[in-house]
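One structure below.
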Amino acid sequence: MKDWLIFATVKLVKTTKVAESAEKRRYDDACGTAHALELIGDRWALLVVRELMFGGRRFNELRTGLPGISANVLTQRLEALEASGIVQRRKAPPPVSAQLYELSDWGYEAEAAIQALGRWAARSPAHDPALPLSAASLMLSLRTMFSAEKLGAARATIGFEMRGETFVARLGDGALAVSREEASNPDLLLAGDAVVLAGILYAGVPIADALSSGALRIEGSRAVAHWFTTLFPLPEKANAG
């Protein structure tokens, strides 16, 4: 009985804190943009959503993708996102005994907004594509910056290995699909840190330099690798004046 009362009290305190936090950030504005900020406007909240765009993740996996966030803040953001219906929890399938956080169907709809913000912010003269980023962030950037015009009628399957995280990009029919999975006989495999791959894709780092330094490993045609890097042009910078 005593243990149950302690659990109930802790649960009530957590629920109250989430409700109070949501109340503090209310704008009392009927605009949908204002309500969006109430939902995901807290620091780190939108980046937590970003990290979940390729499927459920465990708490420690989320912290790995967001190295600047504290455990306490991540817990608060997950609780608030869950209370809003954006994130949901479930138990991982056996043999893993862990809790997974994943987006709800409605939560996944935020990708279009994240992509639009990403394209807009990439035009900022202050944007630095060479800064660190997570594997999920890099993969989402591919879906954001992909140029169907540059792809044309070409088709390819590209695998990625980034510090134990694996993804596959499938290009064809003027579209790009990216999923979190291990590549099976891809046309090209790129292995290296996300920041290294981002430097090649967006900051003009030569593939040859990354290979010679050991920061990048390629399995497949180097010509295909060079071609792949041309499919994600950054938008022109905005006129600061």
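The values are calculated or read from the model by the stated rules, or taken from the named source; none is laboratory data. All values reported here derive from a predicted model rather than from experimental measurement. Neighbour counts are summed over all protein chains in view; Cβ atoms, including those assigned to glycine, are modelled from backbone coordinates with ideal geometry. Side chains are part of the model used for accessible areas, which takes the heavy atoms of the whole protein and leaves out ligands, DNA and RNA. Shrake-Rupley method; radii C 1.70, N 1.55, O 1.52, S 1.80 Å.
The table for this structure:
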| item | result |
| --- | --- |
| Extension reserve of the E219-D105 stretch, reckoned as 0.36 nm per residue once the Cα distance is removed | 37.5 nm |
| Amide H within-cut-off set for V87, under 5 Å, with H built and near neighbours excluded | E82, S104 |
| Accessible surface, the chain, averaged per residue in Å² (probe 1.4 Å) | 58 Å² |
| K150 accessible area, assembled protein chains, probe 1.4 Å, Å² | 110 Å² |
| Net charge dipole size for the chain [Lys, Arg +1 and Asp, Glu -1 on Cβ; Debye, nearest 20] | 420 debye |
| Additional length obtainable on full extension of the chain from A112 to S212, 0.36 nm per residue less Cα span | 32.3 nm |
| Under 5 Å, built H, 5+ apart or other chain: amide partners of L188 | T157, G159 |
| Matching label, Rg and Dmax of the Cα atoms in Å computed from the structure shown, candidates [x] 20.3, 68; [y] 16.6, 62; [z] 17.8, 56 | [x] |
| Around A194: net Lys/Arg minus Asp/Glu count, Cβ-Cβ under 10 Å | -1 |
| Summed residue charge, Cβ within 10 Å of A156's Cβ, Lys/Arg positive, Asp/Glu negative | +1 |
| Cut-off 17 Å, label 7 Å out along Cα→Cβ of E236, residues of the stretch 122-145 by amide N | 122-126 |
| Highest-fluctuation residue, R180, R143, R155 considered, GNM on the chain with Cα pairs under 10 Å | R155 |
| Apportionment of accessible area to carbon and sulfur, the chain, percent (1.4 Å) | 55 percent |
| In order through the stretch 73-79: 3J(HN,Hα) via Karplus (6.51 cos²θ - 1.76 cosθ + 1.60), integer Hz, x for Gly, Pro | 5, 4, 4, 4, 5, 5, 5 |
| Heavy atoms of D187: accessible area, 1.4 Å probe, square angstrom to 10 | 80 Å² |
| Local electrostatic count, A122, Cβ distance below 14 Å [Lys/Arg +1, Asp/Glu -1] | +2 |
| Considering only the chain, percent of DSSP beta bridges that pair antiparallel, nearest 5 | 85 percent |
| Separation between Cα centres of the stretch 109-145 and the stretch 161-202, rounded to whole Å | 16 Å |
| Vicinal HN-Hα couplings computed from phi for the stretch 231-236 (Karplus, 6.51 cos²θ - 1.76 cosθ + 1.60; Hz; Gly/Pro x) | 8, 10, x, 7, x, 5 |
| Taking the chain and dividing mean pair separation by its residue count, relative contact order in percent (alpha carbons under 8 Å, at least six apart) | 15 percent |
| Most fluctuating residue given options L189, L62, L211, as computed from a GNM of the chain linking Cα atoms under 10 Å | L211 |
| S147-N185 pseudo-label distance in nm [points 7 Å out on the Cα-to-Cβ vector] | 3.2 nm |
